[in-house]
Amino acid sequence: MGIYRDHVLPRIHNRVLDDDEIRRIRERVCAPLHGSVVEIGFGSGLNVPHYPAAVSRVHAIEPSALARRLAAPRVAATPVPIEFDGLDGQLLPLPDGSIDCALLTLTMCSIPDQGAAARELHRVLAPGGFVAYLEHGASPDPDVARRQGRMNGLNRRLSGCRLDTDVPAVLRSAGFDLTDERTFYFESGPRWAGYLYEGIGHTSG
């Protein structure tokens, strides 16, 4: 599993999470970003082409060495300065209130303590800051939810990814006020793996 997780899975994610549908959604999710941004689960940099001109710097958090290498061409091609500043979204090496915005795309499912990651984002964001998110998780459809429950153990072993996280609930528990919420399924792929949450989580202030 170590070889698969370290050397195969990042390549799979780099390919399958970069189709036309996901690119359109990434463009929309990244559009409000500005100033300094922390991105947890930077991966192979699939969001980089969608950073708006208002972004001045990105602090990238990514544990996979291979994903960071795969990101190198995208990092080199963007005018936005990008720094790899940590490996663990549960413990960010950034001062309190030092970041304007945060970005989460399809990453909370793989973080062991999602609540800790959400609280860390809330801590490092400046008053009035926000997190823009696109995450997959628990479907409200009972049939889909049952399939997620059956598939969850196998999916976690293969990809380290939970299928049944209620991401908005995690963010609200960390103190975020959510707006612009959307929920929908990917147009392609199985519904048990493709129920999406999109929105903005605001800090107070």
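Considering only residues of segment 175-195 that are in contact with a Leu (Cβ under 8 Å, 6 or more places away or on another chain) and within 27 Å of Pro10 (Cβ to Cβ), which is surrounded by the most Cβ atoms within 10 Å (Cβ to Cβ)?
Step by step, filter segment 175-195, then rank; the result is Trp192.
Counting just the residues of segment 11-45 that are assigned to a loop (DSSP other than H, G, I, E, B), of a type in the set (A, V, I, L, M) and surrounded by fewer than 22 Cβ atoms within 10 Å (Cβ to Cβ), which one comes out nearest to the chain's Cα centre (by Cα)?
So the residue we want is Leu17.
Kindly check whether there is at least one residue in segment 53-62 that is touching a helix residue (DSSP H, G or I) at 6+ places or on another chain (Cβ under 8 Å) and assigned to a helix (DSSP H, G or I).
no
Among the residues of segment 137-146, count how many are surrounded by fewer than 17 Cβ atoms within 10 Å (Cβ to Cβ) and either assigned to a helix (DSSP H, G or I) or in contact with a Gly (Cβ under 9 Å, 6 or more places away or on another chain) (or both).
Residues of segment 137-146 that are surrounded by fewer than 17 Cβ atoms within 10 Å (Cβ to Cβ), as a first pass: 140-143, 145-146.
With the extra rule that they be either assigned to a helix (DSSP H, G or I) or in contact with a Gly (Cβ under 9 Å, 6 or more places away or on another chain) (or both), the set shrinks to 142-143, 145-146.
Total satisfying the criteria: 4.
Which of the residues that make up segment 74-83 are over 27 Å from Leu196 (Cβ atoms) and in contact with a strand residue (DSSP E or B) (Cβ under 7 Å, 6 or more places away or on another chain)?
Passing the criteria: Pro81, Glu83.
When both residues are 6+ apart or on different chains and their Cβ atoms are under 8 Å apart, which pairs have a first residue that lies in segment 108-121 and is β-branched (Val, Ile, Thr), and a second that is at pLDDT 95 or above and not in a loop (DSSP other than H, G, I, E, B)?
Close Cβ pairs (under 8 Å, with a partner that is at pLDDT 95 or above and not in a loop (DSSP other than H, G, I, E, B)) amount to Ile111/Ile40; Ile111/Ala117.
Yes/no per residue for (1) in contact with a Lys or Arg (Cβ under 7 Å, 6 or more places away or on another chain); (2) hydroxyl-bearing (Ser, Thr, Tyr); (3) under 19 Å from His122 (Cβ atoms):
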residue: His50; (1), (2), (3): yes, no, no
residue: His59; (1), (2), (3): no, no, yes
residue: Ala67; (1), (2), (3): no, no, no
residue: Pro79; (1), (2), (3): no, no, no
residue: Asp85; (1), (2), (3): no, no, yes
residue: Leu91; (1), (2), (3): no, no, yes
residue: Leu94; (1), (2), (3): no, no, yes
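Quick check: anything in segment 181-191 among the β-branched types (Val, Ile, Thr), within 21 Å of Pro142 (Cβ to Cβ) and either more than 14 Å from the chain's Cα centre (by Cα) or part of a strand (DSSP E or B) (or both)? Steps first, please.
Applying the first criterion (among the β-branched types (Val, Ile, Thr)) to segment 181-191 yields 183.
From what is left, the residues that are within 21 Å of Pro142 (Cβ to Cβ) are 183.
Going one step further and asking which of them are either more than 14 Å from the chain's Cα centre (by Cα) or part of a strand (DSSP E or B) (or both), we end up with 183.
Taking every residue of segment 181-191 in turn, at least one turns out to be among the β-branched types (Val, Ile, Thr), within 21 Å of Pro142 (Cβ to Cβ) and either more than 14 Å from the chain's Cα centre (by Cα) or part of a strand (DSSP E or B) (or both).
From the set of residues in segment 157-168 that are surrounded by fewer than 16 Cβ atoms within 10 Å (Cβ to Cβ) and over 16 Å from Pro190 (Cβ atoms), which is modelled with the lowest pLDDT?
Out of the qualifying residues, it is Gly160.
The values are calculated or read from the model by the stated rules, or taken from the named source; none is laboratory data. Please read all numbers here as calculations on a predicted model, not as lab measurements. Here the Cβ is made from the backbone with ideal geometry for all residues, glycine too, and neighbour counts use every protein chain on show.
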